[in-house]
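Let me begin by presenting the structure, written as structure tokens, before commenting on it.
The values are calculated or read from the model by the stated rules, or taken from the named source; none is laboratory data. What you see is a predicted model; the values in this text were computed from it and never measured. FYI the Cβ positions are ideal-geometry reconstructions off the backbone, even for glycines, and counts take in every protein chain you see. With ligands, DNA and RNA removed, areas are computed over all heavy atoms of the protein, side chains included. Shrake-Rupley method; radii C 1.70, N 1.55, O 1.52, S 1.80 Å.
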Amino acid sequence: MPAEAVLVASGARAPVGTTAESVAAAVRAGISRVRLLQVPELGRQADSFIARDGLLDAQEWCGVTRMAALGAAALEEVLAKLTPALPQRSLDVPVLVGLPEERPGWRASDASRVTAALSALGSARLNLQVEPRLTGHASALEGLREAVTRVGHTSRCPLVIVGGIDSYHDVQTLAWLRERNQWLEEGTRMGFAPGEAAAFVAVMATQDARRWRLAPNATVRAATTAHETKLIHSDDLNLGEGMTAAVAEALAPLEGTRKVVADVHSDLNGERYRSEEWGFVTLRLGAAFRDASAVHTPVSSCGEVGAATGALNLVLCAQAWQRRYASGPRALLWGSSEAGLRAAALLEEPLSGSEEGAKPWPR
């Protein structure tokens, strides 16, 4: 990677909270907004598990509208945290936002409504250049990889914002999930609880963060992508080759050391495909982890949050170090998109030191 990059501010909006801090605290406490109920708009069916943002209109079942509101709230939080440190001159800021892959209820053309809501938060001092990425679960980590490259380039921009937004709360989307047996409902064993969320993080090169007097929340050691050809909902046997490639590249900075990864943040959501994929990765690379089976996921609190997962995991990871409840100074984040994109990132607590015992990490 061309330069060391750090996360300096974060924002989040999810069913369990309205800020990065409140969402992280709720997830850590095991608070859940997953509920078993019926969706009358889909006709009478069995009760289904679902997680909703209670501050949005309960009668609103248009996913695009909900995504625009969630994304604007999370991005506004990041901008508020950055504003005191901004230079007086006008600044162009790329906003790399991950969005869902195309599906019923969400088309590529819908992205313009979401990007418009985000762009409207710009000001005379802050020109937001929103760049949507319709690549699903792995999109935010893919955006992180691009952000690190941009802030580390010789003609770099000093600040890049990376995020993800998703909401399955669209009548067409929910009907589609039901048809594909992906919706966790009463009497079923597989599937997930559709949720919604948005999260953003601000990425800067270390020297720029120091110059702007912004305290780093996490250091990005590696951010990688790969591609899987054995896709979910196909008859192909997935052996986790794409994810293994992405994770192995992300772990490269640890080669030749005795350092291990203590925390893993993922998009595991109850689907067998994703669990098996991670299982194959751990069979090949398990020695790099303190406990590869101890995987964090926001699903039990927020439901399945799709393209928002990677960005939300970045927020949760950084908050764990800020609040001193992380299991160690290094964390791996990974994401798996249905169309084949795989992404991973190795993060480290800033200023954690080179020695494993430099801080009294809880056991």
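Brief remarks follow.
- Identity of the residue in segment 128-164, in a loop (DSSP other than H, G, I, E, B) and more than 21 Å from S109 (Cβ to Cβ), that ends up modelled with the highest pLDDT: L159
- Within segment 17-34, the residues that satisfy the criterion of being under 14 Å from P194 (Cα atoms) and either in a loop (DSSP other than H, G, I, E, B) or at pLDDT below 95 (or both) are S32, R33.
Residues are listed down the side, and each one gets a yes or a no for (1) open to solvent by less than 30 Å² (accessible area, probe 1.4 Å); (2) among the acidic types (D, E); (3) under 21 Å from the mean Cα position of the chain (by Cα); (4) not assigned by the TED database to the domain that holds A140:
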{"site": "V16", "(1), (2), (3), (4)": "yes, no, yes, no"}
{"site": "A25", "(1), (2), (3), (4)": "no, no, yes, no"}
{"site": "Q45", "(1), (2), (3), (4)": "no, no, no, no"}
{"site": "A69", "(1), (2), (3), (4)": "no, no, yes, no"}
{"site": "E77", "(1), (2), (3), (4)": "yes, yes, yes, no"}
{"site": "R103", "(1), (2), (3), (4)": "yes, no, yes, no"}
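- Single match in G105, G63, G98 (criterion: in contact (Cβ under 8 Å) with a residue 12 or more places away in the chain, closer than 23 Å to G306 by Cβ and in contact with a Lys or Arg (Cβ under 7 Å, 6 or more places away or on another chain)): G98
- Which numbered condition I161 misses (of (1) buried (at least 17 other Cβ atoms within 10 Å of the Cβ); (2) of a type in the set (V, I, T); (3) in contact with an Asp or Glu (Cβ under 7 Å, 6 or more places away or on another chain)): (3)
- Residues in segment 131-148 that are among the hydrophobic types (A, V, I, L, M, F, W, C) and either closer than 20 Å to V315 by Cα or out of contact with any helix residue (DSSP H, G or I) (no Cβ under 7 Å at 6 or more places or on another chain) (or both): A138, A140, L141, L144, A147, V148.
- Residue among A344, A294 that alone is more than 28 Å from A69 (Cβ to Cβ), at pLDDT below 95 and hydrophobic (A, V, I, L, M, F, W, C): A294
- Residues in segment 105-127 that are touching a strand residue (DSSP E or B) at 6+ places or on another chain (Cβ under 7 Å), open to solvent by 20 Å² or more (accessible area, probe 1.4 Å), at pLDDT 95 or above and not hydroxyl-bearing (S, T, Y): L121 only.
- Residue match in segment 217-234 (condition: polar (S, T, N, Q), at pLDDT 95 or above, part of a helix (DSSP H, G or I) and not assigned by the TED database to the domain that holds P84): no
- When each of E60, E77 is tested for being of a type in the set (D, E) and in a helix (DSSP H, G or I), the lone residue that passes is E77.
- Residues (farther than 15 Å from S337 by Cα and touching a Lys or Arg at 6+ places or on another chain (Cβ under 6 Å)) located in segment 238-277: P253, V260, V261, A262
- Taking residues in segment 173-185 that are farther than 12 Å from I50 by Cβ, and partners anywhere that are of a type in the set (A, V, I, L, M, F, W, C) and open to solvent by 50 Å² or more (accessible area, probe 1.4 Å), the pairs with Cβ atoms closer than 7 Å and at least 6 places apart or on different chains are N181/M190.
- Odd one out for L312, checked against (1) within 23 Å of R145 (Cα to Cα); (2) outside any helix (DSSP H, G or I): (2)
- Hey, V64 in contact with a Pro (Cβ under 8 Å, 6 or more places away or on another chain) and either outside the structural domain of S300 (by the TED database) or among the aliphatic types (A, V, I, L, M) (or both) or not: no
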